[in-house]
1. What net charge do the residues around Met10 carry, taking every other residue with its C-beta under 13 Å from that of Met10, with Lys and Arg at +1 and Asp and Glu at -1?
2. Of the GluC sites (Glu not before Pro) in segment 248-282, which ones lie in a loop per DSSP and count no more than 10 other C-beta atoms within 10 Å?
3. Please give every one of the lysines within straight-line cross-link reach of Lys268, meaning a C-alpha to C-alpha distance under 16 Å, and leave out same-chain neighbours fewer than 8 residues apart.
4. When you count, for each residue, the other Cβ atoms within 10 Å and take the mean per peptide, how do 143-149, 286-292, 132-138 rank with the highest first?
5. Under the √(5λ) rule applied to the eigenvalues of the Cα gyration tensor, what semi-axes describe the equivalent ellipsoid of segment 203-299? Give them in Å, descending.
6. Lys294: which aspartates and glutamates have alpha carbons under 13 Å from its alpha carbon, excluding same-chain residues fewer than 8 sequence positions away?
7. Straight distance only, please: which lysines reach the Cα of Lys171 with their own Cα at less than 18 Å, same-chain residues fewer than 8 apart left out?
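Throughout, read-outs are computed from the coordinates displayed, never taken from laboratory work. What you are looking at is a predicted structure, and each value in this text was computed from that prediction instead of being measured. Cβ placement follows ideal geometry from the backbone for every residue including glycine, while neighbour counts extend to all protein chains displayed.
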Amino acid sequence: MQFLPLDKYMYLKAHCFVNLVETTYRNIQRTVFLYGDQLVWSGLGQEDIQIFYQYLLTWLFPNWASENPALVASLNPLSQHSSLSLSSPPISSSLPASHPSIALTNVTGPGGFILGQPGTGDQRKSPWVYVTVDGLLQGCKLFVFNVGSATMCFFVKSLGKNSPSADFCKKLGTFLNPRLSQISREIADFIAKSKTPSTEQLYKYVYFNEMNLAVKSSRSSRRSPSPSHHISPEAMRIIIDLNREYNELDEGETIMRTLSDFWVVCRKSGHRRFFVILTQKNANFAEINEEVRKLCQREFTNIFFLD
């Protein structure tokens, strides 16, 4: 899963908006907020969000995009790991390996329901989803609303056999449209200001959190293919060996220089792992350590806290 790295102010603003929606509409049990293909906020448990995240990017978004090709300006590939079984429409756990993953980014036009809009065909009806709420499985109706690059998913409690009414959907859509549009623009501005000038980087990195499956890498942060993404077989072997060794450790750090004169740095803290490859051949140990420190400060301010 990819998490959107926001500063404390922007994250708090997004969180407050989620709380505002759930307070205004009390029958909303849980909410998931995405920007593009990255998670901003999730009210689901770890197991539920891992499955639901894959469902969105490997099934719901691609199918919606195929029905609305003129609205989708950017398609983002993502590796798939699982799929979610819903009562309607049915989803098989045996999706083909070539099945695309898509994030709704740079979508034009007014906001609206991707899933759950009353009066639409079977493919757009709100399905029943069972999620864990206060330790118990609870059946909810799933509604997915999109504005621009922002997507909010709502798990709505139904009373008996009565599903949320068309009036509920209309009121929710009217409430969300201007507010989610504003949040989406503010996040877009934050991302634009946070981007560093496009220069050829002298490092490649990957970060992985075993607890929530969060992944961040220099490859995934740059969507267009580049020769600089290539990792040599020697570097891959070293990273694989270090990763295997660190399976037995709770924390640690390794810095090594290879025969090819590039540097490999591995860090582990709890469930977090971090690997860096640096190509500064003339650098010394102290300079490499300083480069890694700067990299962590720049890329992992709100994610990675190992000194």
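1. Net charge in that neighbourhood comes out at +1.
2. The qualifying sites are Glu248.
3. Once the sequence-local lysines are set aside, what remains near Lys268 is Lys216.
4. Ranked from most to least packed, the peptides come out as 143-149, 286-292, 132-138.
5. They are 19, 17, 14 Å, listed from largest to smallest.
6. Here the aspartates and glutamates satisfying the reach criterion relative to Lys294 are Asp307.
7. The qualifying lysines are Lys125, Lys141, Lys157.
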